[in-house]
Amino acid sequence: MYGFVSSVLAEKGRHVYTIERSATVAEAVRQMNEKGIGALLVVDGDRPVGIFTERDVLRRVVDADRDPALTRVAEVMTREPVTISPDWHVEEAMALMTARRFRHLPVLEDGRLVGMISIGDLMRWVTMHQQDHIRQMTDYITGRLS
C-alpha cells in the first residue's frame, strides 16, 4: 500500500552517520546531538559491527553509572543489529520495528550498507501518502477530478 523502503531512501537520502567502535560514548553523543539524530551505525573500518542509540546511552551508560568520557562505544553498542533490504514493504518494516521495539533499521543490499531508516521516516512517508490519498478521494467525491 505504501511502497518499498527503497522509495523512502530515495526521498530522504541514503547518507548514514557512522562512528568507529573505538570512539568514546561522549564523542558519539556529541555527534548525535550535533546532527540531531538518535542513532549511529558503528563501524570497524567500513564494516558495520553494531548500532549505538539513545536507548543504549540511557540503559548501558547512564543507568549503569559509566563515565561517557571513558566508555568506548564498542562496550555499550547493540551488537549485530537487525537489518532489512530496500525491497521490504514499508508496512513490513514498520511491523518489525513495532514488534521488536526499535526505532532505527540499517538497510543493506547484497551485504552493502545503502541507508538507514527510522520509525519517524516511515511515519512521515505513510502520512504523506495518506494525505495524498485523502486529497484524491476528496477530489473524486466533489467532482474536481479531471
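The values are calculated or read from the model by the stated rules, or taken from the named source; none is laboratory data. A quick note: this is a predicted structure, and the numbers were derived from the prediction, not measured. Note: ideal-geometry Cβ built from the backbone for every residue, glycine included; neighbour counts use all protein chains shown. The area values use the complete protein model at the heavy-atom level, side chains included, leaving out ligands, DNA and RNA. Shrake-Rupley method; radii C 1.70, N 1.55, O 1.52, S 1.80 Å.
With (1) open to solvent by 60 Å² or more (accessible area, probe 1.4 Å); (2) farther than 20 Å from Val16 by Cβ as the list, and Asp139 as the residue in question, which single condition is left unmet? The number of the failed condition is (1). Residues in the stretch 43-69 that are in contact with a Lys or Arg (Cβ under 9 Å, 6 or more places away or on another chain) and part of a loop (DSSP other than H, G, I, E, B): Arg66 alone. Glu80 passes every criterion in (1) at pLDDT 95 or above; (2) open to solvent by 40 Å² or more (accessible area, probe 1.4 Å); (3) of a type outside the set (Val, Ile, Thr) apart from (1). Look at the stretch 113-146 and say how many of its residues are out of contact with any Leu (no Cβ under 6 Å at 6 or more places or on another chain), under 23 Å from Arg101 (Cα atoms) and not in a helix (DSSP H, G or I). Qualifying residue count, the stretch 113-146: 4. In the stretch 44-56, the residues that are modelled with pLDDT under 90 form no Cβ pair under 9 Å with any partner that is aromatic (Phe, Trp, Tyr) and in a strand (DSSP E or B), whether six or more places apart or across chains.
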